[in-house]
Amino acid sequence: SERNALRKLRDRLNSQVERAAHLEVKNRQGSRGRPGSRQTLVHNAAFNALVHPDPYVFHPESKFRYTWDMLALLFTAYIFMVVPYQITFDEDPTGALKVFEWFVSAFFALDILVNFNMGIYMEGVLNMQRRTI
């Protein structure tokens, strides 16, 4: 099953490279817009991102992204339950709960940085270049 998953991932990457190369050829032929137009720049950036991905950009379909989003969901649910209670009963967290709430706040601050370094799909083509994200 692990080989099948790797095979599927390789096939999907190959199809994206082929799609990006096809769009690059169309751009050079002038059928996708004039040089320098936004549409041409999007396709060129997507092609370059597949050929030369940045090493510290996270794949949007990776296990890391899934785990990160699930943690964000759990922490958001925690905030939705605890904050109204704290406001209603004028309770301040103490001890381990205060440390946990600092951790949650740090997580969401770090979440901003992680999302700035997350690959995106531009017109159906995966873009993994930080400069164009």
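From the largest down, segment 65-133 spans 50, 18, 18 angstrom on the principal axes of its Cα atoms.
A straight chain from Thr67 to Ala96 at 0.36 nm per residue would run longer than the Cα-Cα distance by 8.1 nm.
Which of the peptides 4-14, 74-84 is most tightly packed, and how do the rest follow, going by the mean number of other Cβ atoms within 10 Å of each residue? The partial results should precede the final answer.
Values: 4-14: 10.3, 74-84: 12.2.
Order by mean packing, descending: 74-84, 4-14.
Protein heavy-atom accessible surface, 1.4 Å probe, per residue over segment 90-129: 63 Å².
The values are calculated or read from the model by the stated rules, or taken from the named source; none is laboratory data. Quick caveat, the model's predicted, so the values are computed rather than measured. In this analysis, Cβ positions are derived from the backbone assuming ideal geometry, glycine residues included, and neighbour counts consider all displayed protein chains. Remember, those area values only see protein heavy atoms, side chains included, never the ligands or the DNA or RNA. Shrake-Rupley method; radii C 1.70, N 1.55, O 1.52, S 1.80 Å.
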